[in-house]
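Below is one structure, written out as structure tokens, with a few remarks after it.
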Amino acid sequence: NQSLLYEGEFNAPPTDVAVEIRSEDGTVVHRGTKRVEPGSALRLNIGEHLLDAARKSGGNGFLAGSVAVGRKMIRQGVKGTTRPQIELTGINGHCSVHAQGIKSSRTQWTDIVWRPADERIFLCLINREPTQINVPVELVARDSLKSPLAAEIVQIPGWGSRIHELTIPVSRVAEIGDGLVTVFWTPPGLHASFLLCGSPNLSRLSIDHV
């Protein structure tokens, strides 16, 4: 809750921050509220709560989850910057992205450079509906935009999330041409989406909202 260049009567007001963390199946694993005073910050290790939930359910591997953050200023003031930041910590590097509001149903797309020997790419999807949604995901060669190189349906339970790795069959890789691939996905409800890329062993990560 930083005031930045604002000060005196124009400083950032104290803010009550409510946090709700859900596992990939949509189960609430943590809820909490804390007041964040001007010039201070709230740091929360989301991974700890997801790991606890996974241990109880016997899960393992690449864990998905989501966090919803609500903010309520207790008096009038200048907001400064209160945007939540999500930090990913890797063995050989860190990255972060600011939280996003939810989006309505529509087809989305982004271009990626296909180089699987150097990096792995994941589409991270959060379902903000109380019921399951099925999200079509297609990868198409950018210089042709013809039939998809790969097509899958990602099923996400109500309030759940998924980390979906983008893959192309070896038999279709020659069709990519200049290496540019367009990814299309169409969530049929309220959602948030991010693109995550990492080194082959995931020791370095980078993320952005899409």
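The values are calculated or read from the model by the stated rules, or taken from the named source; none is laboratory data. Values in this document were obtained by computation on a predicted structure and should not be read as measured data. Virtual Cβ from ideal backbone geometry, glycine too; neighbours counted across all protein chains shown. SASA here: full protein model, heavy atoms, side chains in, ligands and nucleic acids out. Shrake-Rupley method; radii C 1.70, N 1.55, O 1.52, S 1.80 Å.
What is the calculated FRET efficiency for Val69 to Gln155, with r their C-beta to C-beta distance and R₀ = 22 Å, to the nearest 0.05? After rounding to 0.05, the efficiency reads 0.30.
Under the combined filter of DSSP loop state and at most 11 neighbouring Cβ atoms within 10 Å, region 37-139 retains these trypsin sites (Lys or Arg not before Pro): Arg43, Arg75, Arg106.
At full extension, Lys34 and Leu190 could sit 53.5 nm farther apart than now, given 0.36 nm per residue minus the alpha carbon distance. Rolling a 1.4 Å probe over the protein heavy atoms gives the chain an accessible area of 57 Å² per residue.
The alpha carbon gyration tensor of region 90-183 gives principal lengths a ≥ b ≥ c with a/c of 1.5 or higher and a/b no greater than b/c, which makes the shape oblate. Can you figure out the FRET efficiency of Arg115 with Thr89, using R₀ = 22 Å and their beta-carbon distance, to the nearest 0.05? For Arg115 and Thr89, the calculated efficiency is 0.35. Per-residue ellipticity at 222 nm computed for the chain from its helices equals -2000 deg cm²/dmol, with DSSP H segments shorter than 4 residues left out and the rest contributing -39,500 (n - 2.57). Contact order for region 71-146, expressed relative to its length and based on alpha carbon pairs under 8 Å spaced 6+ residues apart, stands at 16 percent. When only Cα pairs below 8 angstrom with a gap of at least 6 residues are kept, the chain shows a relative contact order of 24 percent. With R₀ fixed at 25 Å, the C-beta to C-beta distance from Thr107 to Glu175 puts the FRET efficiency at about 0.70. The angle between the Cα long axis of helix 46-57 and the longest principal axis of the Cα atoms of the chain comes to about 60 degrees, rounded to the nearest 10. Neighbours of Lys146, meaning other residues whose beta-carbon lies under 15 angstrom from its beta-carbon, give a summed charge of -2 when Lys and Arg score +1 and Asp and Glu score -1. At a 1.4 Å probe radius, carbon and sulfur cover how many percent of the accessible area of region 106-210? C and S atoms contribute 53 percent here.
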